[in-house]
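S.K.: Structure provided below as structure tokens; questions to follow.
The values are calculated or read from the model by the stated rules, or taken from the named source; none is laboratory data. The structure presented is a predicted model; accordingly, all values stated were derived computationally and were not measured. Neighbour counts are summed over all protein chains in view; Cβ atoms, including those assigned to glycine, are modelled from backbone coordinates with ideal geometry.
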Amino acid sequence: NAGVTQTPKFQVLKTGQSMTLQCAQDMNHNSMYWYRQDPGMGLRLIYYSASEGTTDKGEVPNGYNVSRLNKREFSLRLESAAPSQTSVYFCASRTRQPNEKLFFGSGTQLSVL
Amino acid sequence: AQSVSQHNHHVILSEAASLELGCNYSYGGTVNLFWYVQYPGQHLQLLLKYFSGDPLVKGIKGFEAEFIKSKFSFNLRKPSVQWSDTAEYFCAVKGPGANNLFFGTGTRLTVIP
């Protein structure tokens, strides 16, 4: 059981470069999420997708775009990376109510120089 | 706007000491409440949750939390901590029908053997 798989695990970018973080889940969940984790700020929601083909902004969407092309995959794109985007990024998927629970990926540590 | 406050940023305890981590939330209406834990080098996982019913909920590894509606609180407790409880603990809240989950800033727990 793979659960939620994120790639890459580590990435270093120069300011202005672009990249896409990949996320896939094999649990047939409808809802998927992208969070960033920063020291002293906890987890902040960037974007989420309630179902295939739909996406919505979270708390900190600026500088990011997402794609939910199918039920399994939810990617996060940085078009022009900035040092403020240095963070650890987590993808998650959620089971349905009533027994809802988030399953997290192992994270991507991104540094923007 | 929804928000979650965790006032303890870093707690240091000796093994066998009792633990209580504070969590207060701001949310207009019925809430679903969660505690997630992140062990060193691992991804977040669910510790326990409250949706309705008995306000005292029990989770994995001997943890419990009490929902006190009048205080907008959902504090996490454990009678006797172990070294293996060293981790970061996140409180989270969402509305029952909402899609996004709001996390607190986290509390780092260090247990000294």
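S.K.: Answer yes or no as to whether residue B:87 is without any contact (Cβ under 8 Å) to a residue 60 or more places away in the chain, more than 13 Å from residue B:20 (Cβ to Cβ) and within 11 Å of chain A (Cβ to nearest Cβ).
M.R.: Judged against the criteria, residue B:87 is not a match.
S.K.: Assess whether residue B:63 counts as being within 12 Å of another protein chain (Cβ to nearest Cβ), modelled with pLDDT of 95 or more, crowded, with 20+ Cβ neighbours inside 10 Å and within 22 Å of residue B:17 (Cα to Cα).
M.R.: no
S.K.: For region A:72-99, which positions are in a loop (DSSP other than H, G, I, E, B) and buried (at least 18 other Cβ atoms within 10 Å of the Cβ)?
M.R.: Once the filter is applied, which keeps residues that are in a loop (DSSP other than H, G, I, E, B) and buried (at least 18 other Cβ atoms within 10 Å of the Cβ), region A:72-99 yields A:74, A:81.
S.K.: Then there is this: Considering each of B:93, B:81, B:57, B:11 in turn, give the residue that is within 13 Å of another protein chain (Cβ to nearest Cβ) and β-branched (Val, Ile, Thr).
M.R.: Checking each option against the conditions leaves just B:93.
S.K.: Continuing with the same structure: Got a number for residues in region A:12-48 being hydroxyl-bearing (Ser, Thr, Tyr) and part of a loop (DSSP other than H, G, I, E, B)?
M.R.: Selection size over region A:12-48: 2.
S.K.: I would also like to ask the following. Identify the residue in region A:49-70 that is assigned to a loop (DSSP other than H, G, I, E, B), small (Gly, Ala, Ser) and within 14 Å of chain B (Cβ to nearest Cβ) and, among all such residues, is surrounded by the most Cβ atoms within 10 Å (Cβ to Cβ).
M.R.: Result: A:58.
S.K.: When the residues of region A:26-48 are filtered to those that are touching a residue at least 60 places away in the same chain (Cβ under 8 Å) and under 18 Å from residue A:77 (Cβ atoms), which remaining residue is surrounded by the most Cβ atoms within 10 Å (Cβ to Cβ)?
M.R.: Going through the qualifying residues, I end up with A:32.
S.K.: Let me ask something additional. Looking only at region A:14-34, which residues are within 17 Å of the chain's Cα centre (by Cα) and farther than 17 Å from residue A:95 by Cβ?
M.R.: Passing the criteria: A:18, A:19, A:20, A:21, A:22, A:34.
S.K.: Here's a follow-up. State yes or no: is residue B:96 touching a residue at least 24 places away in the same chain (Cβ under 8 Å) and surrounded by fewer than 12 Cβ atoms within 10 Å (Cβ to Cβ)?
M.R.: No: the conditions fail for residue B:96.
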